[in-house]
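K.L.:
Attaching a single structure in structure tokens format; questions to follow.
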Amino acid sequence: MSAMAFPPWAVWLMLLGLAAFAGMIALSIRRNRGIRRTLFAFPYGLWIVVFTLIPLLLIGYYAFTDRSGAFTLDNFRTFWDSNFEMRKQMLDMGFDPADLGIARGNVNMDTLIYSLWMAFLCTIICLAMGYPAALFMADRNFKLGSTLVVLFIIPMWMNFLLRTIAWMSLLEDNGLINTLLGALGLPRMQLMYNSRAVLLGMVYNYLPFMVFPIYNALSKQDPRLSEAAMDLGANAALTFFKVTLPLSLPGVISGITMVFMPSVTTFFIPRVLGGGNTEMFGDLIERTFLSADNWNVGSALSLIMMVLILLSLTTLRKFDPEGEGGTMI
Amino acid sequence: MKKLLSLVLIALLAFSLAGAQAQGTVNVFNWEDYISEEVLELFEQETGIKVNYMRFTLNEDMLVQVRTSPGAFDVVFPSDYAIERMMAEDLLQPIDYAKVPNADQILDWLQDPGYDPGQVYSVPYMWGTVGILYDTAKVSAPIDSWGALFDEQYKGEVFMLDSPRDALGVALKYLGYSVNSKNPAEIQAAANLLIEQKQKGIVKAYQVDETKDKMVAGEAALAVVWSGDAQYAINLNENLAYVVPREGSNVWVDSMVIPRSAPNPENAHIFINFMSRPDIAQMNAEYIEYSSPNAGAIELMGEDYTGNPTLNPSRETIDNCEFFHDNNDVKVLYDTYWGMVKNAK
Amino acid sequence: MSRMFKRGYLALMLLFLYVPILVLIVQSFNAGVSRAKWQGFSLKWYIDLFNSASIMNAFYITVTIALLAALFATILGTLAAIGIHAMQKRPQGIMMTLTNIPMTMPDIVTGISLMLLYIFTRIPRGYFSMLLAHITFNIPYVILSVMPKLKQMNKFSYEAALDLGATPGYALRHVILPSVMPGVITGALLSFTLSLDDFTISYFTTSPLVQNLSTLIYSEARKGIKPTMNALSALMFVALLVLLLAVNRRANLVKESK
């Protein structure tokens, strides 16, 4: 893994990226009246290029090459067919994969689909639980509202590993919840070692990220709008659906973004609460980089996942009438 | 306040940028909680050499660090197969045994081990076995075979090790093959056994760190564990017992090595020699509660140690076990089959 | 909808969030070392805590990095959000996609990619490199927190201020910033939170000598996390709770007196 020997084409590619970006900024300045304001984003633009884009290009380098540094698309093929590399190695060793019945492997695809599904469920649950919470806290008549919002974020300051392990103490077969059930004469349940527990862990982890943006959007809403609607004869439900909800949509979109995207890459929770029985894509990528020591395939898998997540999010953004942060794809 | 903060920031920055090591330091890279703190203090007192102690969690993490930070470490504590890997990548320097006279304390069966022929690059530190930790209150008869893990009567009561080589190794051993098998048919048979075990619902969970606490809590009947973890659990729950199955198992060793790029090789040798001193080895062994490779230390620990089959298995048991060897040329096979096992529903 | 229902709902949710924390705190008083077996009440882990140089060091590093990263991320991110908001649709779309990218990257990819960057550019890994990494992953969250506020702001206030003779800097400070302040604060809080907790990215972008609490805890996971960590978490929790409630109370009193 000699990272020092980066081929010249990689360096040229990066410089090209920088030039393209600078050009974009220049164009934006030319067309826009708010010339001064646009420039505010320039430091960040530079930061992104150096600390996100260039590292990504380095990852891309690994994704498109094999261990010896030669160009290949095989790493991406491994996503579709997880047995691809193994079949090649078997042939090299003189064994025939057909003898052993090695067909197309769908491990990587299955895991990604499972992860996308879990992330989707997590986002929906966070939304369903978080929106009412934000709504109640943003209620102007509720004096404790802003204090409660603060209380929402504090659990996040306890270490993530410790919190997840604490859930173990609660959910185990001999954990606190089951002990309580036993004491009450109720049957014990297997609360852990399955997808339900993983989902619980994920929701626990990401709920505050959903609540915050929605709370922000709701709390600054002009109350006179809903009052006006009520004056015009709408009842509470109608006011909510026609006035409050649409106006809070940017916050909802932010919340969904901040929950869905990171949750696809969740790791550690499936291991600890799911009993390592089903991997999510985050675990798979970590395993590929570290345990399997295969940075090439790991990079390719990561790139595929990132593209897919960005695509899902673009489809979601079509629902945003304000076009808040519409993506370019 | 701002000034103080920026001063601190500059100081820390300078510290992090300082590549030069002061005379009289040694940079040690070891597993977490794998040394007695007293030992480090004693070392600093007796030799005057300052210890920069750093920790890692997995061999893989350690390898990444050693490869990407040459000159950062003097003494590293890798596991056997990792040593082979490091040897293959020419990351280590031979040990000058003239400077480590205490190395003759190492047990004879650990001298000239398979992973480091001639013991050129490593001095053993701790060792152990892989076996079954079981809850005597939950099993029908004493366990002595890997077969118990695949027995349907223990449905939902088995913890397996979440590590490709260990899990496949168990299956391979049960089927009568070597843990270092390079035959795809054998590895496939092992993987299928594990997949079956999963699909029949026998496995409760695949985990590594959480197993010992869970066995203490009585979460399962059987678990595949390392001997040191077994000892930890047995100390806290008297119902538990440990056995190395009759089909044989894996014996592992964590050793001390010196990277080729070590900035203080002299001090590294002094450190390794110090660790191999019987009284020091005893302190470490008693604190960590793993098996010691040091004959002098074993003598000092007496009956407490020699009478404990978990930490001090019989010679036959040891002979029935294999070391893991570096399997880089068939790694893809193991990892791919492991992926199938993890993905099986 | 009845008030009781609303209060009840919020109470349940808070219960859900805090029960594991309580479990953690209780376990910090366990005389035994295993979370599976209660061996009596003891304060020894709290004492151990203050005697441990490595933990105190890690604590110091964690807090300073979190504060500094939150500070710089908030500044860069707020300016960026203001700038992006003023862009045309196309460049704005590009910038928002770019902002999303760090959030789609799994921690390990962010960590390894930055590590590769540092190796490539010969930046030594340590405190500084870890700080840069933290700022990098925090900024998108700041931008996403500030953007909705910018959308809600009156589109022409800034220009109006300029027309009335204000300099861009004045208009920024007195027109834009007050409207977006709640978003800025949220962003800062989120950044601080994310930095406190991160371990994968920190692990790959620092040297083993410079550990933060998360990497320290993670490295203990293999052998078993000692209750000392629970004790530290409990103390941090109580301290932060008191601090935040005090600040919040103050803000409320100020609001009411206006």
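K.L.:
Please list, by residue number, every one of the trypsin sites (Lys or Arg not before Pro) in segment C:34-107 that is coil in DSSP and has at most 16 other beta-carbon atoms within 10 Å.
P.N.:
Sparse-neighbourhood loop trypsin sites (Lys or Arg not before Pro): C:K37.
K.L.:
With all pairs of different alpha carbon atoms counted, what Kirkwood hydrodynamic radius in Å does the protein assembly as shown show?
P.N.:
For the protein assembly as shown, the Kirkwood estimate is 29.6 Å.
K.L.:
Which cross-chain or sequence-distant (5 or more) residues have an amide H under 5 Å from the amide H of B:I106, H modelled 1.01 Å from N in plane?
P.N.:
Residues meeting the amide H criterion: B:A295.
K.L.:
Once you put a point 7 Å from the Cα of A:K242 and another 7 Å from the Cα of B:Q111, both along the Cβ direction, what distance in nm separates them?
P.N.:
Simple spin-label model gives 9.3 nm for this pair.
K.L.:
Run the quick spin-label model on A:L46 and C:I47: label points 7 Å from Cα toward the beta carbon, then report their separation in nm to one decimal.
P.N.:
For the pair A:L46/C:I47, the computed spacing is 5.4 nm.
K.L.:
Moving on to the next point. What is the diffusion coefficient of chain B in µm²/s, taking the Kirkwood radius over Cα pairs and the Stokes-Einstein relation at 25 °C with a viscosity of 0.890 mPa s?
P.N.:
Answer, rounded: 114 µm²/s.
K.L.:
Which ³J(HN,Hα) values in Hz, rounded to whole numbers, follow from the phi angles of segment B:27-32 under the Karplus curve 6.51 cos²θ - 1.76 cosθ + 1.60, where θ = phi - 60° and Gly and Pro get x?
P.N.:
So the Karplus estimates, Gly and Pro as x, are 9, 10, 10, 10, 5, 5 Hz.
K.L.:
Please work out the C-alpha center-to-center distance from segment B:38-77 to segment C:1-64 and express it in whole Å.
P.N.:
31
K.L.:
Residues of C:62-74, mean number of Cβ from any other protein chain within 10 Å of their own Cβ, rounded to a whole number?
P.N.:
Mean partner-chain Cβ count within 10 Å for C:62-74: 1.
K.L.:
Over all alpha-carbon pairs in segment A:113-295, figure out the percentage whose distance exceeds 19 Å.
P.N.:
Of the Cα pairs, 66 percent sit more than 19 Å apart.
K.L.:
Rounded to the nearest angstrom and ordered from largest down, what semi-axes does the equivalent ellipsoid of chain A get from its C-alpha gyration tensor (root of 5λ)?
P.N.:
41, 33, 17
K.L.:
Taking only the C-alpha atoms, wrap a convex hull around segment B:143-259 and report its volume per residue in Å³ as a whole number.
P.N.:
Dividing the Cα hull volume of segment B:143-259 by its residue count gives 117 Å³.
K.L.:
Along the Cα-to-Cβ line of C:K37, 7 Å from the Cα, sits a label point; which residues in segment B:114-146 have backbone N less than 15 Å from it?
P.N.:
In segment B:114-146, the label zone of C:K37 (backbone N under 15 Å from the point 7 Å along Cα→Cβ) covers B:134-137.
K.L.:
Got a sec? Charge dipole of the protein assembly as shown, +1 on Cβ for Lys and Arg, -1 for Asp and Glu; which of B:P263, B:W226, C:L244 is way out at the positive end?
P.N.:
Final value for the positive-end residue is C:L244.
K.L.:
What list of ³J(HN,Hα) values in whole Hz, one per residue of segment B:249-260 in order, does the Karplus curve 6.51 cos²θ - 1.76 cosθ + 1.60 (θ = phi - 60°) give from phi, with Gly and Pro shown as x?
P.N.:
Calculated HN-Hα couplings, in order: 8, 9, 10, 10, 9, 9, 10, 9, 10, 10, x, 4 Hz.
K.L.:
Another question, if that's okay. Calculate the mean, over all residues of peptide C:116-125, of how many other protein chain Cβ atoms lie within 10 angstrom of the residue's Cβ.
P.N.:
Counting Cβ atoms of other protein chains within 10 Å of each residue's Cβ and averaging gives 6.
K.L.:
Assuming R0 = 22 Å, what is the FRET efficiency of B:E44 and C:M56, from their Cβ-Cβ distance, to the nearest 0.05?
P.N.:
So, using R0 = 22 Å, E works out to roughly 0.75.
K.L.:
Stokes-Einstein D for chain C at 20 °C, 1.002 mPa s, Kirkwood Rh over Cα pairs, in µm²/s?
P.N.:
Rounded to a whole number, D works out at 101 µm²/s.
K.L.:
Here's a follow-up. Find which of C:L164, C:T97, C:G183 sits farthest along the positive direction of the dipole of segment C:54-235, computed with +1 on the beta-carbon of Lys and Arg, -1 on that of Asp and Glu, about the Cα centre.
P.N.:
C:T97
K.L.:
About the Cα centre of segment C:54-235, how large is the charge dipole given +1 on each Lys and Arg Cβ and -1 on each Asp and Glu Cβ? Please answer in debye to the nearest 20.
P.N.:
Result for segment C:54-235 is approximately 160 debye, rounded to the nearest 20.
K.L.:
Something else: Find the Cα radius of gyration of segment C:76-117, compare it with 2.2 N^0.38 Å by division, and give the number to two decimals.
P.N.:
Ratio of Cα Rg to 2.2 N^0.38 Å: 1.41.
K.L.:
Under 17 Å Cα to Cα from A:K143, which aspartates and glutamates show up? Leave out anything in the same chain fewer than 8 places away.
P.N.:
C:E256
K.L.:
What size of dipole, in debye to the nearest 20, comes out for segment B:63-197 about its Cα centre when the only charges are +1 on Lys and Arg C-beta atoms and -1 on Asp and Glu C-beta atoms?
P.N.:
Dipole about the Cα centre, nearest 20: 200 debye.
K.L.:
Using all C-alpha to C-alpha distances in segment A:277-317, build P(r) with 10 Å bins and read off the rounded percent in each one.
P.N.:
Values per bin, smallest distances first: 30, 42, 24, 5.
K.L.:
Are there any trypsin sites (Lys or Arg not before Pro) in segment A:189-274 that are in a DSSP loop and have at most 16 other Cβ atoms within 10 Å? List them by number.
P.N.:
none
K.L.:
From the phi angles alone, apply the Karplus equation (6.51, -1.76, 1.60; θ = phi - 60°) to segment B:222-228 and give each ³J(HN,Hα) in whole Hz, x where the residue is Gly or Pro.
P.N.:
Whole-Hz 3J(HN,Hα) from phi for segment B:222-228: 10, 8, 8, 9, 7, 4, x.
K.L.:
Under 20 Å from the 7 Å Cα→Cβ point of A:F120, by amide nitrogen: which residues of segment A:294-308?
P.N.:
A:304-308
K.L.:
Work out the length of the dipole vector of segment C:96-165 about its Cα centre, built from +1 on the beta-carbon of each Lys and Arg and -1 on the beta-carbon of each Asp and Glu, and round it to the nearest 20 debye.
P.N.:
140
K.L.:
Then there is this: Set Lys and Arg Cβ to +1 and Asp and Glu Cβ to -1, take the dipole of the protein assembly as shown about its Cα centre, and tell me which of B:N183, A:T179, A:T239 lies farthest positive.
P.N.:
Going by the charge dipole, the pick is A:T239.
K.L.:
Give the separation of the Cα centroids, segment A:237-267 to segment C:162-204, in Å.
P.N.:
21
None of the figures in this text is laboratory data; all of them are computed from the coordinates on show. If you're wondering where the values come from, they're calculated on a predicted model, not measured in any experiment. Virtual Cβ from ideal backbone geometry, glycine too; neighbours counted across all protein chains shown.
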